[in-house]
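FYI, it's all coordinate maths here, none of it is from the lab. Note that the coordinates shown come from a computational prediction; the quantities given were computed from them, not determined experimentally. Every residue, glycine among them, receives a Cβ derived from its backbone with ideal geometry; neighbour counts consider all protein chains shown.
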2 protein chains.
Amino acid sequence: MPELRKDPVSERWVVISTERGRRPSDFAMPAVSDETGTGGAKCPFCEGNETKTPPEITAWRKAGTVQNTPGWDVRIVNNLFPALIKEGDVNRTGMGVFDMMSGVGAHEVIIETPNHGLTIPDMDDAQVEKILWAYKERIQHLSEDNRFRYSLVFKNYGKVAGASLTHPHSQLIATPITPRYVKMELSNARRYFLEKERCIFCDIVRQELGSGERIVFENENFVAFTPFASRFPYEIWILPRRHEFAFQMMSDGERLLLARCLKDILKRLKVTLNDPPFNYVLHNAPNPVPRPGKPDYWGTLQYDFHWHIEIIPRLTKMAGFEWGSGLYINPNSPEEAAKYLRDAKI
Amino acid sequence: MPELRKDPVSERWVVISTERGRRPSDFAMPAVSDETGTGGAKCPFCEGNETKTPPEITAWRKAGTVQNTPGWDVRIVNNLFPALIKEGDVNRTGMGVFDMMSGVGAHEVIIETPNHGLTIPDMDDAQVEKILWAYKERIQHLSEDNRFRYSLVFKNYGKVAGASLTHPHSQLIATPITPRYVKMELSNARRYFLEKERCIFCDIVRQELGSGERIVFENENFVAFTPFASRFPYEIWILPRRHEFAFQMMSDGERLLLARCLKDILKRLKVTLNDPPFNYVLHNAPNPVPRPGKPDYWGTLQYDFHWHIEIIPRLTKMAGFEWGSGLYINPNSPEEAAKYLRDAKI
């Protein structure tokens with residue numbers, strides 16, 4: 001019999017069909033690497049084509065190399081077709097029942113490697129660390145801009161997942177509002193904390209480590225598991241084991257361990273599901289908002305929160321009415337998914 | 001410059017890119033009718049194949065015809081692969097931080113016509129009315145089952161939108177919980193009502209009719225428009241002009257006018273966007289929950305609500321990180337979409 005499961009963080013109910021034992025191959029999609037091509041002259045993200053992108057914002061560069069020329073390991077530029085515009089004030093207006101704001105924000109691209117065909121599972125740890133360094137740098141920098149409330153880091157891998165360029169890259173969108181799912185998580189986490197004096201994510205981590213059945217990977221600082229109420233087959237969350245509300249708080253030592261965790265998980269996904277398309281999204285605390293007399297407006301909200309990465313493989317087309325209802329039907333059991341991922345030969 | 005707009009009902013912010021005037025053909029997809037085929041012996045929903053589906057629950061039949069044989073205009077059967085199971089009690093259990101429920105529910109298919117190739121835009125009004133009759137019948141019937149809190153009616157049109165069979169059909173899923181988006185709408189509508197003593201949907205309808213710029217269709221009882229904070233290009237909502245919280249309350253006269261409205265809108269979509277895939281979802285008040293001393297538990301919640309149909313054409317693949325963040329980026333202006341839809345030659 002199927003089960004209805006509730007995710008305690010988002011308060012979202014999910015239908016988990018556990019009827020038939022599905023194998024990873026039941027979800028097989030064409031491998032993303034088949035659409036990658038070889039890069040070169042036409043790819044604006046390949047080394048040597050630095051002038052084909054908007055100017056470099058920052059980069060991890062070899063000593064002595066110059067902006068907007070080769071010699072970088074990770075490079076950050078503005079998105080050529082930004083969803084939001086960096087210049088201008090945040091004008092808030094109302095029109096009867098409707099509210100609006102000028103579309104001020106940042107939309108940046110993190111080019112993860114100069115090498116067109118190299119993805120995270122095959123990078124060395126140090127390269128993955130540099131990508132995480134870039135996330136941190138940009139979140140930190142943009143949080144100092146008072147117009148922005150939030151920096152959303154995400155990755156679209158494969159056309160099906162929304163990537164329009166095949167060269168490995170992530171994106172960051174800074175917005176004058178906090179995205180809705182993050183806001184819901186924040187307020188539910190706060191309510192839980194007020195009631196129990198404990199972080200809900202810490203409780204989940206403890207319970208997952210205790211049962212072990214959904215754990216995919218763990219090291220000293222990080223744990224990755226298929227969530228109890230997974231919306232999608234092979235959905236995976238990565239959390240720091242220690243209570244930490246902001247990604248920017250991560251130490252260099254932790255960053256290395258996160259790099260290893262992320263690489264391990266993406267490799268397991270790649271091997272188990274034949275290099276599937278996926279999205280990942282970093283759920284972080286919003287930027288602190290300085291106000292007169294209240295240097296940190298979000299205050300406890302942030303301390304209740306626990307940053308994490310949500311990985312969503314794009315294996316099913318079943319998300320039709322889900323968009324209109326918020327009710328997800330997952331045809332695969334998270335426990336089985338975790339088992340297949342643990343058993344992957346990587 | 002792009003705009004951030006907030007939908008007052010769901011409190012969802014959407015980025016609307018108004019930069020470049022996009023034409024409907026910029027969103028063109030292969031026409032769904034190209035994948036429909038001719039039905040016949042292999043299609044379980046075609047007339048004459050009644051024994052290839054689970055037994056008939058109910059049908060609109062010609063006088064003198066017999067269950068599970070030809071002679072029907074609209075036919076309702078259980079889904080052969082139901083997401084939830086009809087038999088059994090709703091067992092609620094907790095496991096540490098997690099909550100779960102047995103997957104009890106109904107999953108029914110409304111076969112909209114015996115004619116494989118006939119879709120709503122080309123049906124006569126009376127046939128569309130029969131489909132709406134079926135929705136009402138089943139919602140009403142299932143609301144009398146105390147195990148179910150909600151009946152979600154939806155339609156997946158085209159493979160891209162999640163349809164696995166091409167014969168015209170809708171679906172209904174009855175659940176022991178209220179789906180999350182509906183719940184959020186319910187509680188936001190209630191808050192608005194408590195504050196202003198007015199229905200938020202009635203206010204939106206008034207404002208939309210006043211400005212007219214997003215109106216696509218109206219008749220005496222119904223209005224259809226592209227919402228101010230549309231998540232998707234050519235998203236359309238249909239609402240009754242009169243305050244009405246439950247779809248089941250609709251009179252026969254209203255049903256005819258809704259049939260005409262739905263038919264008109266789907267025809268405009270078909271003509272403007274070359275028969276695109278779409279989903280629609282009926283957002284209705286939850287079932288009343290009878291409790292000792294409180295015959296109608298939801299009470300005011302329901303009276304605050306205003307049922308409506310949300311139509312979501314599936315034109316963009318941009319919904320990658322949207323799933324992980326709740327932040328939508330719509331590359332098309334709702335005002336332009338409304339204009340193209342109004343101008344459609346139907």
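Annotations for the structure displayed:
- If R0 equals 30 Å, the separation of the Cβ atoms of residue B:95 and residue A:251 corresponds to a calculated FRET efficiency of about 0.35.
- For the range A:83-107 versus the range B:200-272, the inter-centroid distance based on Cα atoms is 27 Å.
- Cα-based shape type of the range B:1-143, given that a ≥ b ≥ c are square roots of the gyration tensor eigenvalues and the cut on a/c is 1.5: oblate
- Efficiency of FRET between residue B:86 and residue A:115 - r from beta-carbon atoms, R0 60 angstrom, step 0.05: 0.65
- Those trypsin sites (Lys or Arg not before Pro) in the range A:26-123 that DSSP places in a loop and that have at most 13 other beta carbons within 10 Å: A:42, A:62
- Shown for residue B:249: label points 7 Å from Cα along the beta-carbon vector, and their distances to the equivalent points in the other copies, 4.8 nm in ascending order.
- Span-like helix ranges in chain B, DSSP H, alpha carbon extent 20 angstrom or more, Kyte mean at least 0.0: B:252-273
- Only lysines eight or more places from residue B:345 in sequence, or on another chain, were considered; those with a Cα closer than 27 Å are B:130, B:155, B:159, B:263, B:267, B:270.
- Taking 20 Å as the straight-line reach from the Cα of residue B:62, the aspartates and glutamates in range (excluding those fewer than 8 positions away in the same chain) are B:47, B:50, B:73, B:112, B:124, B:125, B:129, B:137, B:252.
- Radius 13 Å from Cβ of residue A:241, net charge of other residues (Lys, Arg +1; Asp, Glu -1): -4
- Sites matching trypsin sites (Lys or Arg not before Pro) across the range B:185-218 that sit in DSSP coil, with at most 16 neighbouring C-beta atoms within 10 Å: B:198
- Chain B, dipole about Cα centre (Lys/Arg Cβ +1, Asp/Glu Cβ -1), debye to the nearest 20: 360
- Residue by residue along A:90-100, Cβ atoms of other protein chains within 10 Å of the local Cβ number 6 on average.
- Over the residues of the protein assembly as shown, the helix contribution to mean residue ellipticity at 222 nm works out to -8000 deg cm²/dmol, using -39500 (n - 2.57) for each DSSP H run of at least 4.
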